[in-house]
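Participant: Below are the structure tokens for one structure; questions will follow.
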Amino acid sequence: MTLDELRRLDPKKIGSWPIAPKVAVLVLALVLILFAGYWFDWSGQMEQIDAEKAKEDQLKTTFIEKKKEALDLPAYRKQLEDIEKQFGALLKQLPGKSEIDALLTDINQAGLGRGLQFELFKPASVETVHEFYAELPISIKITGTYHDIGAFASDVGKLSRIVTLNDIALSANKDGTLVMDAIAKTFRYLDDDELATQRKAAMKEKGGKK
């Protein structure tokens with residue numbers, strides 16, 4: 001059809017139009033209907049479908065992670081039991097409050113047994129308290145031969161209770177002996193009352209930070 005023929009078509013008499021214009025109008029109407037449906041309805045539904053798919057993928061990932069955790073739970077429990085056993089074994093190496101005096105005597109005897117001369121052996125007046133144990137520093141100053149001081153340090157390391165030597169400084173005397181200044185640290189576990197006090201203080205501090 002020519003352009004003039006298209007212009008002469010009467011929109012009120014579409015039924016009498018030739019086949020080609022009718023088909024074109026129907027196709028255009030169909031396109032408009034599809035576009036309107038997508039714009040006003042389908043686009044929102046598609047976005048919702050995409051959101052639900054993303055949510056489904058997230059739930060699947062969470063399920064897989066939870067399933068893996070459930071399968072690993074026995075191993076985690078076994079690991080926790082092993083850690084608790086190791087912790088208990090270490091805790092037994094810490095003396096109680098009543099055993100500190102005996103431990104201090106052991107340290108002193110370790111030095112005297114090696115023929116060392118104590119010029120200073122002064123436990124701190126105040127302990128440093130941690131979550132489940134207390135730390136007691138002891139300032140020591142001993143004089144003796146290199147061999148004897150080394151043997152003393154070895155003996156301290158072999159005590160049944162944990163003792164560490166820190167901040168070690170050595171100096172030589174004119175007679176060939178050595179002077180060792182150090183901080184020996186002993187540790188003890190807190191009794192039930194002290195642990196309860198520590199927990200209350202920690203809870204109070206935590207509440208104060210809020």
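The values are calculated or read from the model by the stated rules, or taken from the named source; none is laboratory data. Remember, it's a predicted structure, so these values are computed and weren't measured experimentally. Cβ atoms come from the backbone with ideal geometry, glycine included; neighbour counts cover every protein chain shown.
Participant: Give me a count of the residues in the stretch 144-186 that are in contact (Cβ under 8 Å) with a residue 40 or more places away in the chain and of a type in the set (K, R). Can you show your working first?
Facilitator: Pass one, the stretch 144-186, residues in contact (Cβ under 8 Å) with a residue 40 or more places away in the chain: 152, 155-156, 159-163, 179-186.
Now drop any that are not of a type in the set (K, R), which leaves 161, 185.
Counting residues in the stretch 144-186 that are in contact (Cβ under 8 Å) with a residue 40 or more places away in the chain and of a type in the set (K, R) gives 2.
Participant: Let me ask something additional. Can you go through I168, I162, I183, I142 and tell me which one is over 40 Å from the mean Cα position of the chain (by Cα) and under 22 Å from L103 (Cα atoms)? Don't jump to the end; show me each part of the working.
Facilitator: Numbers: I168 fails: over 40 Å from the mean Cα position of the chain (by Cα); I162 fails: over 40 Å from the mean Cα position of the chain (by Cα); I183 fails: over 40 Å from the mean Cα position of the chain (by Cα).
It is I142.
Participant: Quick check on this structure: which one of G44, G88, G15 is modelled with pLDDT under 70, of a type outside the set (F, W, Y), under 30 Å from Y189 (Cα atoms) and not assigned by TED's automatic domain parsing to the domain that holds Y189?
Facilitator: On the way: G44 fails: under 30 Å from Y189 (Cα atoms); G15 fails: under 30 Å from Y189 (Cα atoms).
Testing whether each residue is modelled with pLDDT under 70, of a type outside the set (F, W, Y), under 30 Å from Y189 (Cα atoms) and not assigned by TED's automatic domain parsing to the domain that holds Y189 leaves just G88.
Participant: I would also like to ask the following. Could you list all residues from the stretch 160-170 that are surrounded by 11 or more Cβ atoms within 10 Å (Cβ to Cβ) and either at pLDDT 90 or above or out of contact with any Ser or Thr (no Cβ under 9 Å at 6 or more places or on another chain) (or both)? Give the derivation first.
Facilitator: Taking the stretch 160-170 and keeping what is surrounded by 11 or more Cβ atoms within 10 Å (Cβ to Cβ), we get 161-165, 167-168, 170.
Result: L165, D167, I168, L170.
Participant: While we're on this one: Taking into account only those residues within the stretch 111-130 that are surrounded by 13 or more Cβ atoms within 10 Å (Cβ to Cβ) and within 22 Å of Y189 (Cβ to Cβ), which is nearest to the chain's Cα centre (by Cα)?
Facilitator: Among them, the one singled out is V129.
Participant: Would you confirm, using the coordinates I've provided, whether D192 is acidic (D, E), over 19 Å from D101 (Cβ atoms) and under 28 Å from the mean Cα position of the chain (by Cα)?
Facilitator: Numbers: acidic (D, E): yes; over 19 Å from D101 (Cβ atoms): yes; under 28 Å from the mean Cα position of the chain (by Cα): yes.
When the stated conditions are applied, D192 passes them.
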